[in-house]
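This report concerns only the one structure given below.
FYI, it's all coordinate maths here, none of it is from the lab. Note that this is a predicted model, so its numbers are computed, not measured. Heads up, the Cβs are rebuilt from the backbone with ideal geometry, glycines too, and the neighbour counts pull from every protein chain shown.
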Amino acid sequence: MCGIFAYTGSKEALPILLDGLTSLEYRGYDSAGIYISGADAVKSVGAVENLKKKSMEHLHGTSGIAHLRWATHGEPTEVNAHPHHDTAQQVWVVHNGIIENFKELRESLQATGAQFLSSTDTEVVAHLIARHINSGQSFEEAVTTALREVRGTYGIVVSYALEPDKIIAARLGAPVVVGLGDGENFIASDPSPILRHTKDVLYLFDREIAVITPTSHSIRTLESVPVLREKETIDWEVEQAQKGGYDHFMLKEIMEGPEVVINTVRGRCIEDTGLARLGGLESVAEKLRDIKRINIVGCGSAYYAGLVGEYMLEEYAGIPTEVEIGSEFRYRKPIIDSETLMLAVTQSGETADTLEAIREGKRKGALTLGIVNTVGSTIARETDAGIYNHAGPEIGVASTKAFISQLTAFALLTLFLGRQRGISISTGKEIIEEINRLPEKIAYILETKDRIREVARKYAHVRDFLYMGRKYNYPIALEGALKLKEVSYIHAEGYGAGEMKHGPLAMIDENFPTLAIALNDSVYEKVVSNIQEVKARRGPVVAIATEGNTDVADLADDVLYIPETLEMLSPILSIVPLQLFAYYIAVERGFNVDRPRNLAKSVTVE
Ligand code: G6P
């Protein structure tokens, strides 16, 4: 996610940049840094406040670049904080995104004498640009040539000590916006740091480069074709800009679903051989072959993601798997040995109960892994290896995009362990093909959000809600009910649909609705019978069904459709309407969905 901000004008750049970074902090951060063109840089770990405490008397100048880092490659340390520079400290770069071929590029640059300081992917870009400048290209040509050589995604900003007033930015897959002021211009990853200076902006498109000076701006493509773009005037306030124009972070984060899956999967699937390439597991790949059991631990939504993971891992990798909430695991006497894999699932990487469970596993000799979103977090550091989600920071307290990413990471892990144990190439390929189709399918569901809102309004004032699903979608019933509880304060319970007649049916009447996940899968007919049981008690039913299934529509009061996919991946789609449903109900009831009462985003106490 990272935040980028750059300024060129006639005022002192430092206070403007610091102020801009503060308004980008909502994007998440683990370190920050500023380079004042032609002067020097300052960096720190943690929040912008820490950066402000550093000595900065020497940082005078009227242009500069700044960055807030949310780590993807390399631990959150000062050395890894941006801006990064070339060996001669002339070219300085801040970057949001991932340079996929950074290892090859780094080796080739080192072979010709470049000295690298950090373990980031970004640093190669500074050296690459410097290499081209040293071979006679202009600043602009050198940036263009370098960007043609990198593979991956970037929103990038470059400053060059010998042309301190000029700042160059480019975009491929990560947003860049240019702010147009009077005798001053700006670049940022979103409009929030620009808005207090000017409301006039230009958005860069992919494969475009912008060059700004205090009094000029120009855009061209990576192929050097000039682009004429009309400026836009933004009338948002800063907070609205931070939410990307959405009313709440929760909605923004749900809407990020397609991008989140793309980021979780990027570079990790080998299509031809049906394999998963998980760099974070390379060091333990051989040990993983000998694992006989898996214990998954997590809390809240992460625990439910683990339950879906259990179905995937047992069905495709054939490994006996148990899932438990951290707070229970740590106080019973779990049977763990050196053939056990302990897997922590956690967005923050800091949840106390999950952390203690992992420590207990370690003490008993288990191999420990994490599916973690926050790079460098305690659980990421204390586990032997792991898979980072790359979902970007999640601000809404109720987890949405991180959950989708956790399910996606489980699909990748299942592929990885399954292919080690004999799932065929063709099944591997089939899973990958379907994973690759998920982003467009999620986007399709998101387009139906008005319909979901309409149904949500109808049920917004009920007192209770029952959610039911079976097999892969049983945990989704639990997670859907949790979302509703968290943000709307409606009493909601998730149940395995087969359990209805063992208790919950007694509660059903015309005022007690049920949400049923009834997809065209191996348990479809069973769920349909369970819906009939509810209808026979006059219970209203909202169904999540597979696109094109009209039978469910005949039975249920309201139907929300999702596209067809492999059964093991269906939770990644079925959760999307449930997240939106909970969101719209909470909005209708007038609650602060981003900050539900009594709840915290990261629970670092027992
Ligand atoms: C809190 C959050 C949940 C989250 C849970 C686990 O309760 O509100 O959204 O699922 O903690 O957090 P973790 O960071 O370990 O995933």
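Rounded to the nearest 20 debye, the dipole size of the stretch 252-440 about its Cα centre is 460 debye, using +1 on the Cβ of Lys and Arg and -1 on the Cβ of Asp and Glu. Estimated purely from DSSP H runs of n ≥ 4, each contributing -39500 (n - 2.57), the mean residue ellipticity at 222 nm for the chain is -10500 deg cm²/dmol once divided by its residues. Placing a label point 7 Å from the Cα of residue 447 along the Cα-to-Cβ direction, the residues of the stretch 569-594 whose backbone N falls under 20 Å from that point are 572-581.
Helix 301-312: angle to the longest alpha-carbon principal axis of the chain, degrees 0 to 90, nearest 10? Here the helix axis deviates by roughly 70 degrees.
Note that the stretch 91-104 has calculated 3J(HN,Hα) couplings of 9, 10, 10, 10, 8, 10, x, 9, 8, 6, 9, 5, 5, 4 Hz, one per residue in order, obtained from phi through the Karplus relation 6.51 cos²θ - 1.76 cosθ + 1.60 (θ = phi - 60°); glycine and proline are x. Please report the relative contact order for the chain, taking Cα pairs under 8 Å with a sequence separation of at least 6, and give it as a percent rounded to a whole number. With pairs under 8 Å counted, the relative contact order is 11 percent. Dipole size of the chain about its Cα centre, with +1 on Lys/Arg Cβ and -1 on Asp/Glu Cβ: approximately 820 debye, rounded to the nearest 20. Extension gain, residue 600-residue 536: 0.36 nm per intervening residue step, less the Cα-Cα distance, totals 19.0 nm.
Neighbour counts of other Cβ atoms within 10 Å put 533, 230, 493 in the fewest-to-most order 230, 533, 493. According to the Kirkwood relation over distinct C-alpha pairs, the hydrodynamic radius of the stretch 3-242 is 17.3 Å.
Farthest toward the positive end of the dipole of the stretch 252-440, out of 371, 398, 409, is the Cα of 371, where the dipole comes from beta carbon charges about the Cα centre. Across the stretch 3-242, the mean sequence separation of Cα contacts (distance under 8 Å, 6 or more residues apart), normalised by length, yields a relative contact order of 19 percent. When only alpha carbons are used to place a centre, the stretch 416-475 and the stretch 36-112 end up 39 Å from one another.
For residue 229 and residue 78, the difference between the fully extended length at 0.36 nm per residue and the C-alpha to C-alpha distance is 50.6 nm. Each of 105, 162, 578, 519 was scored by other Cβ atoms within 10 Å of its Cβ. Arranged with the fewest first, they read 162, 105, 578, 519.
Neighbour counts of other Cβ atoms within 10 Å put 186, 139 in the fewest-to-most order 139, 186. In the stretch 448-588, a dipole from Cβ-located charges (positive for Lys and Arg, negative for Asp and Glu) runs towards its positive end, and of 465, 580, 532 it is 465 whose Cα lies farthest in that direction. On the beta carbon distance between residue 283 and residue 205, with R0 = 41 Å, the FRET formula returns roughly 0.55.
Ellipsoid fit via the Cα gyration tensor, the chain: semi-axes of 44, 28, 22 Å, each the root of five times an eigenvalue, largest first. Take every DSSP beta bridge whose two residues both sit in the chain; close to 60 percent of them are antiparallel. Between residue 107 and residue 592, the FRET efficiency from the beta-carbon distance, with R0 = 45 Å, is close to 0.35.
If the segment from residue 220 to residue 290 were pulled out straight at 0.36 nm per residue, it would be longer than the present Cα-Cα gap by 19.8 nm.
The DSSP beta bridges internal to the stretch 448-588 are antiparallel in roughly 0% of cases. Dipole magnitude for the stretch 437-481: about 100 debye, using +1 per Lys or Arg Cβ and -1 per Asp or Glu Cβ, origin at the Cα centre.
Using the Cα coordinates of the stretch 448-588, the gyration tensor eigenvalues translate into equivalent-ellipsoid semi-axes of 19, 18, 14 Å, sorted from longest to shortest. Peptides 588-594, 541-547, ordered by how many other C-beta atoms sit within 10 Å of their residues on average, highest first, read 541-547, 588-594. By its C-alpha gyration tensor, with a ≥ b ≥ c as the square roots of the eigenvalues, how is the stretch 214-268 shaped: rounded for a/c under 1.5, else prolate for a/b larger than b/c, else oblate? Oblate shape, in that a/c is at least 1.5 and b/c is the bigger or equal ratio. Spacing of the modelled spin labels on residue 464 and residue 55, each 7 Å from Cα toward Cβ, amounts to 6.8 nm.
Taking every alpha-carbon pair under 8 Å whose residues sit at least 6 apart, the stretch 515-606 reaches a relative contact order of 21 percent. The residue among 192, 520, 143 whose Cα reaches farthest toward the positive pole of the charge dipole of the chain, with charges on the beta-carbon of Lys, Arg, Asp and Glu, is 520. Each other residue within a Cβ distance under 14 Å of residue 393 adds +1 if Lys or Arg and -1 if Asp or Glu, for a net charge of -3. Model label sites at residue 424 and residue 236, defined 7 Å from Cα along the beta-carbon direction, differ in position by 4.9 nm. In straight-distance terms, cross-link reach from residue 43 covers every one of the lysines whose alpha-carbon lies under 28 Å from its own, apart from those fewer than eight places away in the same chain; here that gives 11, 52, 53, 54, 103, 166, 243, 601. Roughly how tilted is helix 449-459, in degrees to the nearest 10 and between 0 and 90, from the longest Cα axis of the chain? Once rounded, one gets 40 degrees. Positive contributions from Lys and Arg (+1) and negative ones from Asp and Glu (-1), summed over other residues with Cβ under 13 Å from the Cβ of residue 23, come out at -2.
Here the stretch 350-366 is scanned for amide nitrogen atoms under 19 Å from the site 7 Å beyond the Cα of residue 333 along Cα-to-Cβ, giving 357, 360-366.
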